[in-house]
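Undergrad: Starting off with a structure, shown below.
The values are calculated or read from the model by the stated rules, or taken from the named source; none is laboratory data. As the structure is a prediction and not an experimental result, all values here were calculated from the model. Backbone-built Cβ (ideal geometry, glycine too); neighbour counts: all protein chains shown.
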Amino acid sequence: MAVHSDWGDWLPQAIADSDPEGVAVWYLGCNGFVLRDGEGTTIFIDPYLGTGDPPRTIRMIPVPFDPTDVEHADAILATHEHVDHVHGPSQAPILERTDATFYGPDDAVAVAREEEAWPETYDVAAEQLVSVVEGDAIEIDAFTVHVEPATDPDASHPVTYVIDHPAGTMFHGGDSKPDPEFADIGSRYDIDLGVLAVGTVGMIPDRETRVPSVTKWYNDENQCLEAARDLQLDRLLPSHWDMWKRLTADPASLHQHARGFEYPRRLEIVEIGDRIRL
């Protein structure tokens, strides 16, 4: 199914036309981000342009761009295998047009290779789909992407990423809850900006029976702040709170939870389409 953007092509054009000082970061909504440095190296993380599976999961924010409007990408990083993180209609057209490399843990790559058959369905070479494991370090021009552990009971093999650049360091937690390894990660890296998924508890229909049940997919406020403290984040950027009906949250409430703690030093609240500096 082709993706149809609500916004036209202004966002991918703005990214392509940018000449950042250091590294610019755009929020795509859900858990999606784009990083671009002054040399033009461009990394997508978990870009999802689908509308969910209504009425089970209902997208609450615009589809910000059509993947066929992406002019340049060097890599797409997937944190785990769920559809809002690995999605052929969102990501394969980017690989087709740019020859970027898709990186993800084994189960995420298996979705692309086997379940959705990107090499057969799209003009994507098998060599563009690369499995990573915890401990790997991927060099993408001036960026070094470190693959780190995650705790997401709903995923079969999730990872997190620490993305190093001379201009700064970003942590992307995927949908991870607090992890025993986060304190070690926080001690090994000086993380300028950390992304953690936040949401409420809601009633979501079962995929097969459609019978609603209590569902908690993302961090609550206290879990988010626990992870931020362990990671020693200078700036915490909450994500995913805007995406699914019945699981949306108010990220501003994190201000109250963060009071009195050394980390995070600052809360960075952004909306879909916003650009910030790493």
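Undergrad: Of the residues that make up the range 159-167, is at least one over 17 Å from residue 103 (Cβ atoms) and not aromatic (Phe, Trp, Tyr)?
TA: Yes, there is a match, as at least one residue in the range 159-167 is over 17 Å from residue 103 (Cβ atoms) and not aromatic (Phe, Trp, Tyr).
Undergrad: Which one is farthest from residue 168 (Cα to Cα), of the residues in the range 121-155 that are assigned to a strand (DSSP E or B) and aliphatic (A, V, I, L, M)?
TA: 129
Undergrad: Just the residues that are more than 26 Å from residue 57 (Cβ to Cβ) and in contact with a helix residue (DSSP H, G or I) (Cβ under 7 Å, 6 or more places away or on another chain), please, taken from the range 226-278.
TA: Hits for the range 226-278 are 230, 231, 232, 257, 258, 261, 263, 264, 267.
Undergrad: State which residue pairs qualify: first residue within 19 Å of residue 3 (Cα to Cα) and β-branched (Val, Ile, Thr) and inside the range 92-104, second residue modelled with pLDDT of 95 or more and surrounded by fewer than 19 Cβ atoms within 10 Å (Cβ to Cβ) in any location, beta carbons under 7 Å apart, and separation of 6 or more residues or different chains.
TA: Pairs that qualify, where the first residue is within 19 Å of residue 3 (Cα to Cα) and β-branched (Val, Ile, Thr) and the partner is modelled with pLDDT of 95 or more and surrounded by fewer than 19 Cβ atoms within 10 Å (Cβ to Cβ), are 98/72.
Undergrad: Scan the range 155-180 for residues that are touching an Asp or Glu at 6+ places or on another chain (Cβ under 7 Å), surrounded by fewer than 24 Cβ atoms within 10 Å (Cβ to Cβ) and within 18 Å of residue 105 (Cα to Cα) and jot them down.
TA: 155, 156, 157, 162, 177
Undergrad: Additional query: Determine which single condition residue 217 fails, assuming it passes every other condition in (1) in a loop (DSSP other than H, G, I, E, B); (2) in contact with a His (Cβ under 6 Å, 6 or more places away or on another chain).
TA: All conditions are met except number (2).
Undergrad: Under the condition of being of a type outside the set (A, V, I, L, M, F, W, C) and surrounded by fewer than 20 Cβ atoms within 10 Å (Cβ to Cβ), which residue from the range 70-96 is farthest from residue 151 (Cα to Cα)?
TA: 71
Undergrad: So how many residues does the range 98-108 have that are surrounded by fewer than 17 Cβ atoms within 10 Å (Cβ to Cβ) and either aromatic (Phe, Trp, Tyr) or at pLDDT below 95 (or both)?
TA: 1
Undergrad: Tell me which residues, restricted to the range 194-244, are in contact with a Gly (Cβ under 9 Å, 6 or more places away or on another chain) and of a type in the set (Lys, Arg).
TA: Those that are in contact with a Gly (Cβ under 9 Å, 6 or more places away or on another chain) and of a type in the set (Lys, Arg): 216, 229, 235.
Undergrad: Any idea which of (1) touching a residue at least 40 places away in the same chain (Cβ under 8 Å); (2) crowded, with 17+ Cβ neighbours inside 10 Å is the one residue 118 doesn't satisfy?
TA: Tallying (1) touching a residue at least 40 places away in the same chain (Cβ under 8 Å); (2) crowded, with 17+ Cβ neighbours inside 10 Å, residue 118 fails exactly one: (1).
Undergrad: Then there is this: Residues 191, 185: which one is part of a helix (DSSP H, G or I), closer than 20 Å to residue 23 by Cβ, touching a residue at least 12 places away in the same chain (Cβ under 8 Å) and not basic (Lys, Arg)?
TA: None of the other options fit; the residue is 185.
Undergrad: Check the range 47-54 and report whether any residue there is within 23 Å of residue 147 (Cα to Cα) and surrounded by 23 or more Cβ atoms within 10 Å (Cβ to Cβ).
TA: yes
Undergrad: Let me ask another. Looking only at the range 181-209, which residues are crowded, with 20+ Cβ neighbours inside 10 Å and within 13 Å of residue 229 (Cα to Cα)?
TA: 182, 185, 186, 191, 193, 194, 195, 196, listed by residue number.
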